[in-house]
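Report on one structure; see the data block that follows.
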Amino acid sequence: SLKFIITSLIGMGIYSLSLQLTHGVEISINDPMLAAIFGGVLAGFGTGFYLRLGGSVGGLDIVGTVIKKRFAIPIGTVFNLVNIVVIFSNAYLYHLETALFTGVFMYVFSWSMQKGQVGLSQRKSIFIISSKPDEVAEKVLKKLDRGFTYFHASGGFAGEEKQVIYTVINMLELGRLKEYLFDTDPEAFISVQDTGDVIGKRFLTWEDEGFRKRKKDN
């Protein structure tokens, strides 16, 4: 998209300028493990944050972004596949120890990039089983301003009928939800799961994911 191209050009410009401004600045780290870990964290979070803004700083992350939109493969997975090739190449061409440190850097980079891309907006899928489902659902709707869905279920041991509340929130709302749940029904059961993509109301749209409506053939 045009937004991605413009944002990426700005990102590459900032990246090039930063390299010029920091040219000649030396940071002495004698421990290669520390260099691999902290270098991976800084580079990964920076790349992930800019990807979250809808752009790229050039290089492999552009390829990863295109593959993600085309095949729904996470960018981190693309990085890991390429990194495996790089690590084996290093092990063959250079020293095994160098390849292992490269592997540490790339793993930390990939993990940090995904965390930087998600940030504090990590989505959580919530399943709640409560003896007071209507009161809990009201808290979700009015306090968190989130929608919910009821699932009808039955207990596996006693066989009693239950209603399961399903909703999706972000990480910042999880603490508040637990507080509301404890105040309403301390005996409630809650299951929290990380969720990759959420497309729909109040979350990402199909257009955000790069989908466009196709023109109908006459």
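Just so it is clear, none of the values below were taken in a lab; they were calculated from the coordinates. Being a predicted model, the structure only gives us computed values, none of them experimental. Don't worry about glycine lacking a Cβ; one is built from the backbone with ideal geometry, like all the others, and counts go over all protein chains shown.
Descriptive notes on the structure:
- With both labels modelled 7 Å from their Cα along Cα-to-Cβ, the Arg70 to Asp145 distance reads 3.9 nm.
- Region 2-120 - Rg and Dmax from Cα coordinates, angstrom: 15.1, 44
- Computing FRET efficiency as 1/(1 + (r/R0)^6) for Leu81 and Asp197, where r is the C-beta to C-beta distance and R0 is 25 Å, gives about 0.80.
- Once backbone amide H atoms are built at 1.01 Å from N, Lys162 has Ala153, Ser154, Gly155 as its partners under 5 Å, excluding neighbours fewer than 5 places away on the same chain.
- Length released on extending from Gln122 to Asp31, taking residue separation times 0.36 nm less the Cα-Cα span: 29.4 nm
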